[in-house]
1. In the set Asp134, Asp139, which member is part of a loop (DSSP other than H, G, I, E, B) and farther than 24 Å from Glu60 by Cα?
2. Please find, among Val97, Val123, Val89, Val146, the residue that is of a type in the set (Val, Ile, Thr) and within 21 Å of Thr216 (Cα to Cα).
3. For a quick check of your reading of the model, give me the residue pairs whose first member lies in the range 39-65 and is free of Cβ contacts under 8 Å to residues at least 12 places away in the same chain, whose second is of a type in the set (Phe, Trp, Tyr), with beta-carbon atoms closer than 6 Å and at least 6 apart or on different chains.
4. Considering Val89, Val114, which residue is in a loop (DSSP other than H, G, I, E, B) and either of a type in the set (Val, Ile, Thr) or buried (at least 22 other Cβ atoms within 10 Å of the Cβ) (or both)?
5. Among the candidates Thr142, Thr160, Thr216, Thr193, single out the residue that is without any contact (Cβ under 8 Å) to a residue 12 or more places away in the chain and of a type in the set (Val, Ile, Thr).
6. Might you let me know whether the range 69-85 holds any residue that is surrounded by fewer than 14 Cβ atoms within 10 Å (Cβ to Cβ) and part of a strand (DSSP E or B)?
7. How many residues does the range 53-68 contain that are closer than 12 Å to Lys209 by Cα and surrounded by fewer than 16 Cβ atoms within 10 Å (Cβ to Cβ)?
8. Just need a number here: residues in the range 177-207 that are under 16 Å from the mean Cα position of the chain (by Cα), more than 14 Å from Val89 (Cβ to Cβ) and in a strand (DSSP E or B).
Amino acid sequence: MKEKYPILFPILALLSLTIACSLFSKPTAPSTEILFEEKEFNEAGCFFDNSTDEITYFVEEGAFHIDVLVPEWYALSPCLGKDDFSDFVFEVDATQVTGPDHNLYGVMLRYNDVTKDYYYFGVSGEGNYTLVYDNLDIDEPTTKLVHWKHSSAINTGASTNHIKAVLIGDSIALYVNDQLLETVQDAHVSSGTVGFIVSTSDKGGSHIKFDNVVVTTP
């Protein structure tokens, strides 16, 4: 007696294979979106660059440079005139060109040009890092969310460090050279722009260059 449904068996086999593939295949990771990028500096662009007797800002060989010439001084360079960011990833290559290792250089996070408050994530040529909340309009000491800590992930002296911060809600994750240093919870600032910071201590001449700037979605 002939089978009534000979085509049914290959269809069932194909259906079983499809179900198995869907069960064991990995879900596609959501792609990140580039919100802002400056891979090759031809000019300062949105970054603050008004030089003074104490600070020199300039662009050279495709990078943005900040040179703090005097002791006990700091330079800020926020990106102005762009959209604010709430949840984002900020990455930059920062190189200590010259100057003492007892310094600070890094990134501004969620800078609000109206309220003047922001975070900064800084490293030093000695291999230390810190995270601070600050408000430029309030004459009070800064709030240290992470006091200076040492990390072997940070390249010391005249070298380059890849600095990354991931901000999602109240969470701030700190990375250097693709190694997670720590994650901090803080609700002082919910949105703002990004930028650079360089600071000197007892000696001036801290010259830092910034390159390969990118802001993406988390």
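1. The conditions single out Asp139.
2. Matching residue, one of Val97, Val123, Val89, Val146: Val89.
3. Correct list of pairs: Ser51/Tyr57.
4. Working: Val89 fails: in a loop (DSSP other than H, G, I, E, B).
Of the residues listed, the single one that is in a loop (DSSP other than H, G, I, E, B) and either of a type in the set (Val, Ile, Thr) or buried (at least 22 other Cβ atoms within 10 Å of the Cβ) (or both) is Val114.
5. After applying the criteria, what remains is Thr142.
6. no
7. Within the range 53-68, residues that are closer than 12 Å to Lys209 by Cα and surrounded by fewer than 16 Cβ atoms within 10 Å (Cβ to Cβ) number 5.
8. 10
The values are calculated or read from the model by the stated rules, or taken from the named source; none is laboratory data. Please read these numbers as outputs of a predicted model, since none were measured by experiment. With ideal geometry, Cβ positions are generated from the backbone for all residues, glycine too; neighbour counts draw on all protein chains shown.
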